[in-house]
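Here the structure is laid out as structure tokens; the discussion comes afterwards.
The values are calculated or read from the model by the stated rules, or taken from the named source; none is laboratory data. Fair warning: this is a prediction, and the values are worked out from it, not measured in the lab. Here the Cβ is made from the backbone with ideal geometry for all residues, glycine too, and neighbour counts use every protein chain on show.
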Amino acid sequence: MKRTKPRLAVLISGTGSNMEAIAAACRSGLLDAEIAVVISDNPNAAGLSRARKMRIETVACPYKRGIPRGENEIPIIEEIRGRDVDWIVLAGYMKILTSDFVRTFPGRVVNIHPSLLPAFPGAHAIRDALDAGADFTGVTIHIVDELVDHGPIIAQEEVVILPGDTEETLASRIHAVEHKLYPRTLQELIHEDI
């Protein structure tokens, strides 16, 4: 039977709120794609429960200590290859992918980051923006390359930092932007080749 929609593997580490927004966009037709699998390095990630409630297949691939990252990625690569996936979508995936992983899926791994890259790369982008006294930050969606929080930028949207913002209040506004921007950008990327 011929497949009609591009298939996504969504990689998460935590709550899965962006994954849930992507799944909702797939269901509503805003994003003409289907999530083939949600994979997490964290077997206790709340996002896995969210995905199961939405009847999306889930797989936990925890990293084992003392084993090189590349070896820990082998089960993830096998899960993706076994599902005829077109795009790998990082949605709060907190592991740094190896060059071998990126080269396995060249130009097909997409990430979202809570800043206007190249400003504030890394795991604490929201805190870093506040600590720097920035007037604004935002959201970046980019193709993953072999460097961290780097690669061709597909979309960005600014978020103003308000007086008195805390990490939590700013994160809440950033997430609201992410949940709209990520599905819309994926639709354009997959179907219109930005």
Identify, from the list Ile153, Ile161, the residue that is of a type outside the set (D, E, K, R), within 20 Å of Pro121 (Cα to Cα) and touching a Gly at 6+ places or on another chain (Cβ under 9 Å).
-> Ile161
Residue list for the range 132-150, restricted to those being over 14 Å from the mean Cα position of the chain (by Cα), part of a loop (DSSP other than H, G, I, E, B) and closer than 13 Å to Pro118 by Cα = Leu147
Flagged in the range 86-129 as aliphatic (A, V, I, L, M), touching a Pro at 6+ places or on another chain (Cβ under 9 Å) and under 22 Å from Pro183 (Cα atoms), in numbering order, are Ala125, Ile126
Lone qualifier among Val148, Val177 - being surrounded by fewer than 19 Cβ atoms within 10 Å (Cβ to Cβ), closer than 22 Å to Cys26 by Cα and hydrophobic (A, V, I, L, M, F, W, C) = Val177
The correct count of residues that are among the aliphatic types (A, V, I, L, M), more than 28 Å from Ser99 (Cβ to Cβ) and in contact with a helix residue (DSSP H, G or I) (Cβ under 6 Å, 6 or more places away or on another chain) in the range 121-160 is 1
Of the conditions (1) within 27 Å of Ala24 (Cβ to Cβ); (2) touching a residue at least 12 places away in the same chain (Cβ under 8 Å), Thr169 fails just one. Which one is it?
-> (2)
So which residues in the range 97-114 are in a loop (DSSP other than H, G, I, E, B), over 19 Å from Met19 (Cα atoms) and either touching a Cys at 6+ places or on another chain (Cβ under 7 Å) or not small (Gly, Ala, Ser) (or both), if there are any at all?
-> Thr98, Phe105, Pro106
Name the residues in the range 92-130 that are among the β-branched types (Val, Ile, Thr) and surrounded by fewer than 18 Cβ atoms within 10 Å (Cβ to Cβ), would you?
-> Ile96, Thr98, Thr104
Would you check if there is a residue in the range 40-58 being touching a residue at least 60 places away in the same chain (Cβ under 8 Å) and surrounded by 13 or more Cβ atoms within 10 Å (Cβ to Cβ)?
-> no
Options Asp32, Asp41, Asp84, Asp100: the member that is modelled with pLDDT under 95 and under 26 Å from Pro152 (Cα atoms) | Asp84
Among the residues of the range 17-28, is there at least one that is surrounded by 21 or more Cβ atoms within 10 Å (Cβ to Cβ), polar (S, T, N, Q) and under 24 Å from Leu147 (Cβ atoms)?
-> yes
Enumeration of residues in the range 151-180 that are in a strand (DSSP E or B) and not small (Gly, Ala, Ser) = Ile153, Ile154, Gln156, Glu157, Glu158, Val159, Val160
